[in-house]
Structure formats: C-alpha cells, structure tokens
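To keep things clear, I will list the structure first and then write my remarks on it.
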Amino acid sequence: MFGNEFWVELLKYFDKIIGPAIFSTIRMVTATMIIASILGFGLAILLTLYGPQGLRPREKIYKVLDFIVNSIRSFPALILIVAISPITRMVVGTTIGEKAAILPLTLAATPFIARLIEDSFKEVDKQLIEAARSFGASDMQIIFRVMVKEAIPSLISITTLTAITYLAASTMAGAVGAGGLGAVALNYGYQSFNNTILYTSVFILFIMVQIIQGIGTWLYKKIV
C-alpha cells in the first residue's frame, strides 16, 4: 500500500519533527489534566456546597461561581488562547510554545471538569447523604466519603472525556503557536503540502485517542 519512498520520508521526518511533537503534546495534555483536575475538583466542591440543592446553600456565592463557569465555558479553546494571550505573556513570559498553551488550556478545562463533577455529585442518592448527616458527618466527610466514593465510575468517565477533549484542543492550539502534533500537521503537513507528515500526525492522534479511551473503559469496567 505504501511504497519505499513513503517509509524513507516518514523516517526522515519522524526523529526531527513528529517524534518531539508527540512528547510535546503528551506534556501539554498531561499538565493540563493534572492542574485542571485539581482546580476543577475544588471548584466542583464549592458548587456542590453552595448550590440550590447543595449541602450548604448560598445563592449569591453560587450565582457568582455559576456565572464564572458558564462564562469561561462559552469560549472555544482556540479563542480563549488568543483572548488571554496578554495574561499568558505576563505569567509565562511568552505566548508561543507548549508552556504558553498549558495556561489557557487549563483555564478552559477547569470549569469543564467542575461542571461535570458537580453533575455527577448531583446524581448521588440523596438518601445516602441524609443517612451520613444523621450519623453526624461533616460536609467534607459527606463529599469525600459518600459523594466521591459513589461517583468514582462517573469521575473516570469524566477524566477520559476531558483528556480526549483537550487532546483535541491542544492540536487546535498548534494553529496559534502552541507546538505539538497540531502545529506539525498544520505547518509541516497541510501548509507545506506534505501528506506524509499530515496523515501520520492524524493517525498518531487517532491512536492516542484510542489509548486514552481504552484505558478509561478498562478502569471503568474494573470499578463497576
């Protein structure tokens, strides 16, 4: 199906261009997932505490948090990267490269994760929560010992979905100088009319998505 010229050209570009881009993409997505998961989980706890049906309802606080979450989620990742580029420059010192992409990707992923976790917490049986309250459990004990425990399968699905979503977002970020496989596919592939690099990058992204989904499905089945 592929002639010798294809493989010779592929090997020529892999070491210098495609290989480093793979690791750049992995670093971007991993850093984004770690930071956004921590921040998103914390934000989800606040939403769960202060929501209308929360453990400690506070309408004004919830409305502020809800507005922030909805506002950030309304921006596509690519637009957000461009919109906050002055902030990125102040924090990171540059708007180009994988480090510069991590900040806006994390900012976009945090409310995304928070809202999904909040929704998963809402699905927890209210009778379990009331039972925990009757035994004198604190709000934090209810969240960590009841809600989180019951929502673990959902949290695995959320993590899988988020990782795939922001893997895709990291490739779009390549269009504005983030680096990674997106930049390689666009700059060295599409714009240079090099189908070898273009389709190899696309195929690698496809494989990465399958790996993430496969790990997520395996973990879900193990838990359930």
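The values are calculated or read from the model by the stated rules, or taken from the named source; none is laboratory data. Predicted, not measured: the structure shown is a model, and the values here were computed from it. We place every Cβ from the backbone using ideal geometry, glycine too, and count neighbours over all the protein chains shown.
The criterion of being closer than 21 Å to Thr162 by Cα and either among the hydroxyl-bearing types (Ser, Thr, Tyr) or in contact with a His (Cβ under 8 Å, 6 or more places away or on another chain) (or both) holds for Thr106.
Hey, any hits in the stretch 145-161 for a residue that's exposed (fewer than 15 other Cβ atoms within 10 Å of the Cβ), touching a Ser or Thr at 6+ places or on another chain (Cβ under 9 Å) and not polar (S, T, N, Q)? No, that holds for no residue.
Right, Ile102: buried (at least 21 other Cβ atoms within 10 Å of the Cβ) and either in contact with a Cys (Cβ under 8 Å, 6 or more places away or on another chain) or of a type outside the set (Ser, Thr, Tyr) (or both) or not?
Answer is yes for this residue.
Per the listing Ile117, Ile22, the residue uniquely over 12 Å from the mean Cα position of the chain (by Cα) and at pLDDT below 95 is Ile22.
With respect to Gly174, is the statement that it is buried (at least 23 other Cβ atoms within 10 Å of the Cβ), part of a helix (DSSP H, G or I), of a type in the set (Gly, Ala, Ser) and touching a Gly at 6+ places or on another chain (Cβ under 7 Å) true? When the stated conditions are applied, Gly174 passes them. On the given criteria, is Gly189 modelled with pLDDT of 95 or more and either over 18 Å from Arg27 (Cα atoms) or buried (at least 18 other Cβ atoms within 10 Å of the Cβ) (or both)? Answer is no for this residue. Being over 16 Å from Ala163 (Cβ atoms), touching a residue at least 40 places away in the same chain (Cβ under 8 Å), part of a helix (DSSP H, G or I) and not polar (S, T, N, Q) is a description that applies to Leu47.
Within the stretch 145-167, restricting attention to residues that are in contact (Cβ under 8 Å) with a residue 40 or more places away in the chain and hydrophobic (A, V, I, L, M, F, W, C), the residue that is farthest from Leu198 (Cα to Cα) is Met147.
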